[in-house]
1. Within region 1-47, can you find the residues that are more than 20 Å from ALA132 (Cα to Cα), hydroxyl-bearing (Ser, Thr, Tyr) and assigned to a strand (DSSP E or B)?
2. Within region 127-150, take every residue that is part of a loop (DSSP other than H, G, I, E, B) and in contact (Cβ under 8 Å) with a residue 60 or more places away in the chain and give me the one that is farthest from ALA287 (Cα to Cα).
3. Quick one: would you say THR140 is within 27 Å of GLY69 (Cβ to Cβ), of a type in the set (S, T, N, Q) and surrounded by 17 or more Cβ atoms within 10 Å (Cβ to Cβ)?
4. Kindly indicate the residue of region 8-52 that is in contact with a strand residue (DSSP E or B) (Cβ under 9 Å, 6 or more places away or on another chain) and of a type in the set (Gly, Ala, Ser) and also nearest to GLY318 (Cα to Cα) among those meeting that condition.
5. Kindly evaluate ARG194 against the criterion of being of a type in the set (Lys, Arg), over 16 Å from the mean Cα position of the chain (by Cα) and surrounded by fewer than 20 Cβ atoms within 10 Å (Cβ to Cβ).
6. GLY54 passes all but one of (1) under 21 Å from the mean Cα position of the chain (by Cα); (2) under 14 Å from GLY117 (Cα atoms); (3) not hydroxyl-bearing (Ser, Thr, Tyr); which number fails?
7. Suppose we filter SER43, SER73, SER53 for residues that are surrounded by fewer than 22 Cβ atoms within 10 Å (Cβ to Cβ) and within 20 Å of ALA302 (Cα to Cα); which single one remains?
8. Of the residues that sit in region 290-313 and are without any contact (Cβ under 8 Å) to a residue 40 or more places away in the chain and under 26 Å from GLY174 (Cα atoms), which one is nearest to the chain's Cα centre (by Cα)?
Amino acid sequence: MTERTMRAVLFDRFGSPEVLYVGRVPRPEPGPGEVLVQVRAFSVNGGDLAVRSGRARALSGRRFPQRVGQDFSGEVAALGAGAAGFAVGDRVWGFVGRTARARSAAEYVAVRAGRLGRVPDGPGAPDLVAAAALVVTGTTAVTALHGKAALRPGERLLVRGAAGGVGSAAVQLGRAYGADVTALARAANLDFVRTLGAHRALDHRETEPAEMGPFDVVLDTVGTDLRTFRRLLKPGGRMVGITFDPARPLASLGAVAASAVHGRARVRLFSGNPAAAHFDDLARRVAEGHLAPAVDTVFPLAETAAAHRALEAGGVRGKYVVRID
């Protein structure tokens with residue numbers, strides 16, 4: 001490779017999706033223990049919107065230009081000294097980490113080998129564009145249901161925000177784990193969540209929470225009204241949240257704290273930060289046919305701003321993915 005620069009999605013000020021543009025930056029070189037990946041696709045996540053808008057400036061800082069992109073799929077292009085476990089040409093997916101200055105919305109990314117996993121091969125395996133839809137959503141859903149909630153066969157599971165990225169993965173996994181799955185989504189997405197395996201699909205605007213329960217496990221991807229949905233838990237039930245209400249963060253954290261003191265119906269709040277073991281688990285679930293990518297729309301790199309705009313508008317079915325040709 002002789003080219004020393006690459007295309008990347010940049011912005012020079014915080015603001016709406018229109019601040020994003022495709023420019024050129026130095027192409028990274030893999031350092032010790034790092035792997036250089038030629039990126040084929042990445043997905044658009046809520047964290048990207050927070051970075052671009054300035055809501056996450058405490059982490060991203062105020063130096064410009066800045067970049068977006070947390071996850072990626074692609075092929076190994078080169079190995080740094082001491083990087084083990086991968087070979088040039090391997091199909092991989094990975095996560096750059098929330099505080100990384102180098103983001104994944106670019107033609108290449110250099111990451112520690114521990115931030116990577118192999119994309120499954122064989123019949124039914126996803127292509128690299130579709131695989132990008134599972135990096136954050138799949139690892140988060142596996143951690144939430146298996147690691148945090150210890151969901152068991154025969155238990156009743158409620159997935160709130162079931163049509164979104166993590167929700168769509170959780171519906172599939174809940175069904176694969178043998179749970180009885182209730183999906184809560186907007187009316188236009190009810191047929192979609194049924195195709196993912198939900199036993200029941202309920203319109204969140206027309207169904208009162210008290211009409212749904214009780215449940216053994218509640219997976220909340222919305223973050224509002226945590227106390228209300230916690231009341232739907234059976235004795236010994238578990239509620240796992242992956243976000244909190246941005247308009248009322250203290251109320252969300254208060255609900256988590258109160259659950260640790262009062263009763264056995266605990267609320268566990270966590271934020272996905274996948275590493276090698278999570279990717280190995282994800283690959284196994286995909287290879288076993290328990291989980292497949294749910295891709296709403298694929299955008300070309302030049303239309304990354306449109307992908308951000310679409311996610312902000314709401315109503316996504318699965319994930320928005322950006323393809324790098």
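1. Across region 1-47, the qualifying residues are THR5, TYR21.
2. Keep residues of region 127-150 that are part of a loop (DSSP other than H, G, I, E, B), which gives 127, 149-150.
After this cut, where a residue has to be in contact (Cβ under 8 Å) with a residue 60 or more places away in the chain as well, the list is 149-150.
On the way: ALA149: 23, ALA150: 21 Å.
Filtering first and then ranking leaves ALA149.
3. Numbers: within 27 Å of GLY69 (Cβ to Cβ): yes; of a type in the set (S, T, N, Q): yes; surrounded by 17 or more Cβ atoms within 10 Å (Cβ to Cβ): yes.
When the stated conditions are applied, THR140 passes them.
4. SER43
5. So ARG194 passes the test.
6. (2) is the only condition that GLY54 fails.
7. Numbers: SER43 fails: surrounded by fewer than 22 Cβ atoms within 10 Å (Cβ to Cβ); SER73 fails: surrounded by fewer than 22 Cβ atoms within 10 Å (Cβ to Cβ).
Just a single option satisfies the conditions, and that option is SER53.
8. Among those residues, the one meeting the criterion is ASP296.
The values are calculated or read from the model by the stated rules, or taken from the named source; none is laboratory data. On a predicted model such as this, the values are computed, not experimentally measured, just so you know. All Cβ positions, even for glycine, are placed from backbone atoms using ideal geometry, and neighbour counts span all protein chains on display.
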